[in-house]
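Taking it in order: structure first as structure tokens, then the write-up.
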């Protein structure tokens with residue numbers, strides 16, 4: 001079979017719902033790509049989104065945006081999957097497991113058959129289990145299959161901490177790890193603000209009740225999606241920007257450290273499940289995990305999160 005050459009300026013989007021469309025728009029504005037193919041079970045939806053975004057190109061950069069099919073994804077540098085059932089009010093991400101695993105069982109073999117050499121970026125929820133499903137169903141090398149994980153949750157944490165402390169959120173260095181969902185946890189013991197331990201910086205800003213503040217902020221982060229869904233029925237802009245950030249790290253080979261969903265191999269006593277931990281992300285996808293310091297309570301919660309995900313994955317994948 002003829003070797004496929006990757007087009008580093010091409011991206012494929014599978015799924016053109018709220019998240020897919022918002023991500024496509026964000027990627028168009030990023031200037032990372034010169035070609036984008038949109039694929040959806042509803043071909044008219046994909047064509048409509050492609051036309052809508054294309055009509056704004058005179059205000060942006062030259063780019064080819066079109067609706068296509070799976071034959072069009074073969075040379076894409078990144079294949080983004082946002083397809084799946086939407087999370088409804090009062091529905092957890094894990095409630096979506098069976099519906100969306102079944103959708104992935106239809107989608108992923110179509111990608112695998114075409115022996116696509118690009119990177120598979122899973123965004124659909126529950127993202128950790130669906131990343132695990134994509135890895136198992138595709139047979140791709142594990143570095144080339146990653147999920148958007150807790151990149152958005154971590155951004156929410158940084159935003160909330162920035163508001164709490166009255167500092168630029170980009171100066172906050174902290175991670176949400178584990179499941180992208182209800183069992184996620186904030187790695188407080190390794191959190192800093194520009195290298196200053198978090199509690200020390202809090203006291204510099206006049207905050208001394210650390211336990212109350214961290215618990216409140218962690219709950220706000222965990223419940224953010226539910227609050228947004230309750231108010232506007234769906235979340236899509238934040239995750240679109242998170243996906244754009246991951247694509248930047250890959251296409252520019254930035255070696256950025258991002259909490260993407262990737263396969264664990266005994267780190268922290270966790271194996272054979274994908275969950276979100278800080279990892280070096282570059283042109284080859286996930287290069288390696290980055291060890292971060294966790295206290296005993298955080299380690300226990302992380303393992304509980306992994307056990308929950310592994311139990312569900314074993315039922316459906």
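The values are calculated or read from the model by the stated rules, or taken from the named source; none is laboratory data. In this text the structure is predicted, and so the values were computed from the model without any measurement. Here the Cβ is made from the backbone with ideal geometry for all residues, glycine too, and neighbour counts use every protein chain on show.
Conditions (1) at pLDDT below 95; (2) more than 16 Å from the chain's Cα centre (by Cα), marked per residue:
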position: 225; (1), (2): yes, no
position: 232; (1), (2): yes, yes
position: 243; (1), (2): no, no
position: 248; (1), (2): no, no
position: 258; (1), (2): no, no
position: 274; (1), (2): no, no
position: 282; (1), (2): no, no
Within region 284-316, track down each residue that is in contact (Cβ under 8 Å) with a residue 24 or more places away in the chain, within 19 Å of the chain's Cα centre (by Cα) and over 18 Å from residue 179 (Cβ atoms). 284, 285, 287, 290
Considering region 52-61 alone, what residues qualify as being in contact with a strand residue (DSSP E or B) (Cβ under 7 Å, 6 or more places away or on another chain) and not in a helix (DSSP H, G or I)? none
Looking only at region 273-302, count every residue that is within 22 Å of residue 258 (Cβ to Cβ) and in contact with a helix residue (DSSP H, G or I) (Cβ under 8 Å, 6 or more places away or on another chain) and tell me the total. 20
Going through 90, 71, 42 one at a time, which residue ends up being out of contact with any strand residue (DSSP E or B) (no Cβ under 9 Å at 6 or more places or on another chain) and either at positive phi or not assigned by TED's automatic domain parsing to the domain that holds residue 106 (or both)? 90
Before we move on, is residue 49 crowded, with 20+ Cβ neighbours inside 10 Å, touching a strand residue (DSSP E or B) at 6+ places or on another chain (Cβ under 7 Å) and at pLDDT 95 or above? yes
Kindly evaluate residue 85 against the criterion of being closer than 22 Å to residue 131 by Cβ and surrounded by fewer than 21 Cβ atoms within 10 Å (Cβ to Cβ). yes
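Yes/no matrix, rows are residues, columns are (1) modelled with pLDDT of 95 or more; (2) part of a strand (DSSP E or B); (3) closer than 30 Å to residue 31 by Cα:
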{"residue": "253", "(1), (2), (3)": "yes, no, yes"}
{"residue": "261", "(1), (2), (3)": "yes, yes, yes"}
{"residue": "278", "(1), (2), (3)": "yes, yes, yes"}
{"residue": "287", "(1), (2), (3)": "yes, yes, yes"}
{"residue": "292", "(1), (2), (3)": "no, no, no"}
{"residue": "299", "(1), (2), (3)": "yes, no, no"}
{"residue": "305", "(1), (2), (3)": "yes, no, no"}
Among (1) in contact with a helix residue (DSSP H, G or I) (Cβ under 8 Å, 6 or more places away or on another chain); (2) in a loop (DSSP other than H, G, I, E, B), which single condition is residue 49 missing? (2)
Count - residues of region 62-100 that are under 25 Å from residue 29 (Cβ atoms) and outside any strand (DSSP E or B): 10
Checking residue 124 against (1) under 16 Å from residue 273 (Cβ atoms); (2) in the same structural domain as residue 12 (by TED's automatic domain parsing); (3) assigned to a loop (DSSP other than H, G, I, E, B), which single condition isn't satisfied? (1)
On the given criteria, is residue 312 crowded, with 18+ Cβ neighbours inside 10 Å and out of contact with any strand residue (DSSP E or B) (no Cβ under 8 Å at 6 or more places or on another chain)? yes
Any residue at all in region 139-149 that's surrounded by fewer than 20 Cβ atoms within 10 Å (Cβ to Cβ), more than 19 Å from the chain's Cα centre (by Cα), part of a loop (DSSP other than H, G, I, E, B) and outside the structural domain of residue 244 (by TED's automatic domain parsing)? yes
Let me spell it out: the conditions are (1) in contact (Cβ under 8 Å) with a residue 60 or more places away in the chain; (2) under 12 Å from the mean Cα position of the chain (by Cα); (3) not in a helix (DSSP H, G or I), and residue 117 meets all of them except one. Which number is the exception? (2)
So which residues in region 251-272 are out of contact with any helix residue (DSSP H, G or I) (no Cβ under 6 Å at 6 or more places or on another chain) and surrounded by 24 or more Cβ atoms within 10 Å (Cβ to Cβ)? 260, 262
